[in-house]
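Beneath this line is the structure, given in structure tokens, with notes to follow.
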Amino acid sequence: MVTRPPAEDPKPVSLGFSLNSFFQWLGDLGPIVQIPIVLIAFGAVVGIILLLIEYAPRSGRGYLVLRVAACFIIPVLAFMLLRPYQGAVIYVVLIAVILGGLLFYADLRARQGAGYLFQLIIFSAPATILLLIGLIYPAIATIWQSFFDKTGESFVALENYIWVFTNPEGFWSVVNTIIWVLIAPTFATAIGLAYAVFIDRARGERVLKVLIFMPFAISFVGAGIIWKLMYDYRQGEQIGLFNAVVVAFGGEPVSWLAVEPLFNTLCLLVVFIWSQTGLAMVILSAAVKAVPIEQMEAAELDGTNAWQRFVNVTLPGIRSSIIVVLTTVAIGALKIYDVVAVMTGGRANSTVLAFEMVNQQQRFQSYGHSAALAVVLFLFVVPLIVFNVIQIRKQREIR
């Protein structure tokens, strides 16, 4: 999300060495020197882990201090090591959450540990602070920024939001995002469910599932490049599969990714559905196998056919899994960026909210528009999160 325009000539900020700089420094040394340094570093890491394991379960004020110190110091060290890499804050938050949970449990098990409330607060503090700095503050700052102009200096009230729903770039990003979030989860889940049912207990089931799941293992950038070549359009000899077929039957080549309105968006949707169907199949296949065989046998004894058993027994039994797949794919569709950036670059009214948000910030330096797009995208995600929470609560009540 967007927080503020960049300052002029910003000074580099560093919290210490990074893992990248360590490896660069190590690479400049000779091989004879590198070996002992690597062994020492490895031994230090192993020693710290063993030390944590040794003192963590023990009781006493001194061990409490050590646990609290580790809870704060290790996330800081992790950030210093991981900060050059994309998503470093997320990894550090995960480290802080896991470490805090483990040390909290260890301190709770200690006979002479501190009080429960004190333990809970002190060991959750690093993760809470990181979440406030890395998530809550940027979200509030982005909402605030959305009410200012592109420079972030003049207050413009709701003009940025009016731009989102009236300007062609903003309008088509909203429309296309709605289309993505309606069509992608529906088709990916339906096709994945069909695969799960028909491939279940079929000969060569494992091989077929691996083949279907493989597109999910490909990055969106890789998938976009593959399908861009398949949609390729040019005069003369065709290298794109679809236009090669069209020309072979005597037709004229089609610029698939430039046909508007909406047709090029549907072409992009095919790529996303192709990559997400494998995920849907794996989750739903496991759910189908978990349906009690007794229910299927009872329905068969009642004289029902295969379709009736599927509708009346299988679908109700895997309802929670279907909801998980639908919401997971929908959230993925809401934040899609790579496919659009690689295949069309947002041209021909094929842009989406996530792409246009980055485009407005980095290409046009319009931070107000970018922040407004980020807020609209957040508002689209909220109903899915609320729906998931409601479903989880219902499942807990049933259990």
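Evaluation of Pro253 against the conditions (1) in contact with a Lys or Arg (Cβ under 8 Å, 6 or more places away or on another chain); (2) surrounded by 21 or more Cβ atoms within 10 Å (Cβ to Cβ) shows that the sole unmet condition is (2). Only residues that are in a helix (DSSP H, G or I) and open to solvent by 20 Å² or more (accessible area, probe 1.4 Å) were counted across segment 277-293, and they come to 8. Here Ile336, Ile323, Ile385, Ile318 are screened, and the one residue that is among the aliphatic types (A, V, I, L, M) and either touching a Cys at 6+ places or on another chain (Cβ under 8 Å) or open to solvent by 80 Å² or more (accessible area, probe 1.4 Å) (or both) is Ile385. The set of residues from segment 176-218 being within 30 Å of Ala371 (Cβ to Cβ) and either basic (Lys, Arg) or open to solvent by less than 40 Å² (accessible area, probe 1.4 Å) (or both) comprises Asn176, Thr177, Ile179, Trp180, Val181, Ala184, Pro185. Among the residues of segment 108-157, those that are at pLDDT 85 or above, touching a helix residue (DSSP H, G or I) at 6+ places or on another chain (Cβ under 9 Å) and not small (Gly, Ala, Ser) comprise Thr142, Ile143, Trp144, Gln145, Phe147, Phe148, Val156.
Quick check on segment 363-381: of everything there that is open to solvent by 20 Å² or more (accessible area, probe 1.4 Å) and of a type in the set (A, V, I, L, M, F, W, C), which residue is farthest from the chain's Cα centre (by Cα)? Per the criteria, the residue is Phe364. Among the candidates Ser350, Ser366, Ser370, the residue that is at pLDDT below 90 and within 15 Å of Pro138 (Cβ to Cβ) is uniquely Ser370.
Of the residues that make up segment 187-196, is at least one under 27 Å from Ile323 (Cβ atoms), within 22 Å of the chain's Cα centre (by Cα) and free of Cβ contacts under 8 Å to residues at least 40 places away in the same chain? Yes, the conditions are met somewhere in segment 187-196.
The set of residues from segment 137-146 being under 16 Å from Leu377 (Cα atoms) and open to solvent by 40 Å² or more (accessible area, probe 1.4 Å) comprises Ile140, Ile143, Trp144.
Considering only residues in segment 43-98 that are open to solvent by 40 Å² or more (accessible area, probe 1.4 Å) and hydroxyl-bearing (Ser, Thr, Tyr), the one that is modelled with the highest pLDDT turns out to be Tyr91. Checking Val270, Val245 one by one, the residue that is part of a helix (DSSP H, G or I), open to solvent by 60 Å² or more (accessible area, probe 1.4 Å), among the β-branched types (Val, Ile, Thr) and farther than 22 Å from Ala188 by Cα is Val245 and no other. Counting only helices (runs of 4 or more DSSP H) that sit completely within segment 294-399, those holding 3 or more residues that are touching a residue at least 40 places away in the same chain (Cβ under 8 Å) and either touching a strand residue (DSSP E or B) at 6+ places or on another chain (Cβ under 9 Å) or farther than 30 Å from Ile226 by Cα (or both) correspond to 367-398.
Filtering segment 223-242 to residues that are in a loop (DSSP other than H, G, I, E, B) and under 22 Å from Ala341 (Cβ atoms) leaves Tyr231, Asp232, Tyr233, Arg234, Ile239, Gly240.
The values are calculated or read from the model by the stated rules, or taken from the named source; none is laboratory data. What you see is a predicted model; the values in this text were computed from it and never measured. All Cβ positions, even for glycine, are placed from backbone atoms using ideal geometry, and neighbour counts span all protein chains on display. Calculation scope for accessible area: heavy atoms of the full protein, side chains included, ligands and nucleic acids excluded. Shrake-Rupley method; radii C 1.70, N 1.55, O 1.52, S 1.80 Å.
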